[in-house]
């Protein structure tokens, strides 16, 4: 099984910040279920000052501040995930 760098949960891989205009690449979407509720975070590659820095955003804040850029990623079936 190969290591995937593309997340399954987002429709676009690249996102652009609505105000500053810099582009980030989504690395993974992490979901945590704990005692105090359900939390989701988005790990991206890129920031305003450094394009190679990895930054973690909360999912709500990420969707409010960023807009998708480019084409949608093709949805994969369960069979596609097994054959990778």
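If residue 41 satisfies all but one of (1) in contact with a helix residue (DSSP H, G or I) (Cβ under 9 Å, 6 or more places away or on another chain); (2) at pLDDT 90 or above, what's the number of the condition it fails?
The failed condition is (2).
For the stretch 42-63, which residues satisfy the criterion of being part of a strand (DSSP E or B) and more than 15 Å from residue 31 (Cα to Cα)?
Answer for the stretch 42-63, where residues must be part of a strand (DSSP E or B) and more than 15 Å from residue 31 (Cα to Cα): 45, 54, 55.
Return the total of residues in the stretch 64-80 being in a helix (DSSP H, G or I) and modelled with pLDDT under 90.
Residues that pass the stated criteria total 3.
The values are calculated or read from the model by the stated rules, or taken from the named source; none is laboratory data. It should be emphasised that the depicted structure is a prediction, and the values quoted were computed from it without experimental measurement. We place every Cβ from the backbone using ideal geometry, glycine too, and count neighbours over all the protein chains shown.
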